[in-house]
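Peer 1: What follows is a structure written as structure tokens; I'll ask about it next.
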Amino acid sequence: MKHIAIFATGGGSNAQKIIEHFKDNNETQVSLIISNKENAGVIDKAKAHNIPTLIINRHEFYKTKDILKKLHTFDIDFIVLAGFLWLIPNYLVKEFPNRIVNIHPALLPKYGGKGMYGMNVHRAVFEAKEEESGMTIHFVNEHYDEGAIIFQAKCLLDTTNSPEDIAQKVLELEHQYYPKVIEKVIRELM
């Protein structure tokens, strides 16, 4: 059995889709949810599925390696970022080489980097009058949104699309593809 830890900061809609996707899977399961916010919606989603949770703070994450012990306690093989807004520290990237993936709500390399998350991305796409947007699934390295691209999906935009419309179109792509791509990557790597 392969064990996934999901790192999330917000409501957890992608985490929910991933949990549901692997719920009856005999090879892979979501075994731990980690958040940097005590009141994040993803915590409620984890509890609803009886998945253990862990709340981390900035000092613990960046100044110690305590999280590695906790990940090993749960036999974590693979880490999925689902709206987790902190940069992953080098020690964690080295411990899980090519076993940490992230989803970004734009077609990288455009609209990536520090501060480019959520509505910040969709407003930038809107203001640039892009004809398409989409989402990117990529491996995580020590820089924001610079890891090797695994998969991208696109959606067409028109002049009537608001940043909120773009966000909805991109979220639908994320929900459709993220769990399937995670499963494919885990099968290929492990």
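Peer 1: Suppose we filter region 57-80 for residues that are surrounded by fewer than 18 Cβ atoms within 10 Å (Cβ to Cβ) and either in a helix (DSSP H, G or I) or in contact with a helix residue (DSSP H, G or I) (Cβ under 7 Å, 6 or more places away or on another chain) (or both); how many remain?
Peer 2: Here is the first cut: in region 57-80, the residues surrounded by fewer than 18 Cβ atoms within 10 Å (Cβ to Cβ) are 57-60, 62-66, 68-70, 72-75.
Add one more test, that the residue is either in a helix (DSSP H, G or I) or in contact with a helix residue (DSSP H, G or I) (Cβ under 7 Å, 6 or more places away or on another chain) (or both), and what stays is 58-60, 62-63, 65-66, 68-70, 72-73.
Counting residues in region 57-80 that are surrounded by fewer than 18 Cβ atoms within 10 Å (Cβ to Cβ) and either in a helix (DSSP H, G or I) or in contact with a helix residue (DSSP H, G or I) (Cβ under 7 Å, 6 or more places away or on another chain) (or both) gives 12.
Residue-by-condition table, conditions (1) touching a strand residue (DSSP E or B) at 6+ places or on another chain (Cβ under 9 Å); (2) of a type in the set (Asp, Glu); (3) part of a helix (DSSP H, G or I):
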position: 142; (1), (2), (3): no, yes, no
position: 147; (1), (2), (3): yes, no, no
position: 155; (1), (2), (3): yes, no, no
position: 159; (1), (2), (3): no, no, no
position: 167; (1), (2), (3): no, no, yes
position: 173; (1), (2), (3): yes, no, yes
position: 177; (1), (2), (3): yes, no, yes
position: 182; (1), (2), (3): yes, no, yes
position: 188; (1), (2), (3): no, yes, yes
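Peer 1: A further question on this structure: Within region 140-150, how many residues turn out to be surrounded by fewer than 17 Cβ atoms within 10 Å (Cβ to Cβ) and either within 16 Å of residue 180 (Cα to Cα) or among the aromatic types (Phe, Trp, Tyr) (or both)?
Peer 2: 1
Peer 1: If you check residue 182 against the conditions, is it in contact with a Phe, Trp or Tyr (Cβ under 6 Å, 6 or more places away or on another chain), closer than 27 Å to residue 89 by Cα and surrounded by 15 or more Cβ atoms within 10 Å (Cβ to Cβ)? Give the steps one after another, and end with the answer.
Peer 2: Numbers: in contact with a Phe, Trp or Tyr (Cβ under 6 Å, 6 or more places away or on another chain): no; closer than 27 Å to residue 89 by Cα: yes; surrounded by 15 or more Cβ atoms within 10 Å (Cβ to Cβ): yes.
Spelling it out, it is not the case that residue 182 is in contact with a Phe, Trp or Tyr (Cβ under 6 Å, 6 or more places away or on another chain), closer than 27 Å to residue 89 by Cα and surrounded by 15 or more Cβ atoms within 10 Å (Cβ to Cβ).
Peer 1: Counting only residues that are under 18 Å from the mean Cα position of the chain (by Cα) and in contact (Cβ under 8 Å) with a residue 12 or more places away in the chain, how many does region 149-171 have?
Peer 2: Step one: of region 149-171, the residues under 18 Å from the mean Cα position of the chain (by Cα) are 149-154, 167-171.
So of that shortlist, the ones also in contact (Cβ under 8 Å) with a residue 12 or more places away in the chain come out as 149-154, 167, 169-171.
The total comes to 10.
Peer 1: Criterion first (over 21 Å from residue 1 (Cα atoms), surrounded by 14 or more Cβ atoms within 10 Å (Cβ to Cβ), charged (D, E, K, R) and out of contact with any helix residue (DSSP H, G or I) (no Cβ under 6 Å at 6 or more places or on another chain)) does residue 110 satisfy it?
Peer 2: Answer is yes for this residue.
Peer 1: Another question, then. Taking only region 96-148 into account, find how many residues are in contact (Cβ under 8 Å) with a residue 40 or more places away in the chain, polar (S, T, N, Q) and more than 14 Å from residue 84 (Cβ to Cβ).
Peer 2: 2
Peer 1: Considering only region 81-89, I want to know if a residue exists there that is farther than 28 Å from residue 112 by Cβ, at pLDDT 95 or above, in contact with a strand residue (DSSP E or B) (Cβ under 8 Å, 6 or more places away or on another chain) and surrounded by 14 or more Cβ atoms within 10 Å (Cβ to Cβ).
Peer 2: Within region 81-89, the subset farther than 28 Å from residue 112 by Cβ is none.
No, region 81-89 contains no residue that is farther than 28 Å from residue 112 by Cβ, at pLDDT 95 or above, in contact with a strand residue (DSSP E or B) (Cβ under 8 Å, 6 or more places away or on another chain) and surrounded by 14 or more Cβ atoms within 10 Å (Cβ to Cβ).
Peer 1: Would you point out the residue of region 152-172, among those that are touching a Ser or Thr at 6+ places or on another chain (Cβ under 9 Å) and within 15 Å of residue 17 (Cβ to Cβ), that is surrounded by the most Cβ atoms within 10 Å (Cβ to Cβ)? Please lay out each step first, then the result.
Peer 2: Step one: of region 152-172, the residues touching a Ser or Thr at 6+ places or on another chain (Cβ under 9 Å) are 152-157, 161, 166, 169-171.
Narrowing further to those that are within 15 Å of residue 17 (Cβ to Cβ): 153, 170-171.
Working: 153: 17, 170: 25, 171: 15.
Among them, the one singled out is 170.
Peer 1: Here are some residues: 102, 98, 50. Which one is polar (S, T, N, Q), in a loop (DSSP other than H, G, I, E, B) and surrounded by 14 or more Cβ atoms within 10 Å (Cβ to Cβ)? Full working, then the answer.
Peer 2: Numbers: 102 fails: in a loop (DSSP other than H, G, I, E, B); 50 fails: surrounded by 14 or more Cβ atoms within 10 Å (Cβ to Cβ).
Being polar (S, T, N, Q), in a loop (DSSP other than H, G, I, E, B) and surrounded by 14 or more Cβ atoms within 10 Å (Cβ to Cβ) holds for just one of 102, 98, 50, which is 98.
Peer 1: Taking the conditions exactly as written (more than 25 Å from residue 177 (Cα to Cα) and out of contact with any Ser or Thr (no Cβ under 9 Å at 6 or more places or on another chain)), does residue 90 satisfy them or not?
Peer 2: On the way: more than 25 Å from residue 177 (Cα to Cα): yes; out of contact with any Ser or Thr (no Cβ under 9 Å at 6 or more places or on another chain): yes.
In short, yes.
Peer 1: Shifting gears a bit: Which of (1) part of a loop (DSSP other than H, G, I, E, B); (2) crowded, with 19+ Cβ neighbours inside 10 Å; (3) touching an Asp or Glu at 6+ places or on another chain (Cβ under 8 Å) is the odd one out, the single condition residue 4 does not satisfy?
Peer 2: Single failed check for residue 4: (1).
The values are calculated or read from the model by the stated rules, or taken from the named source; none is laboratory data. Note that the structure is a prediction, hence the values are computed from the model and not measured. Neighbour counts are summed over all protein chains in view; Cβ atoms, including those assigned to glycine, are modelled from backbone coordinates with ideal geometry.
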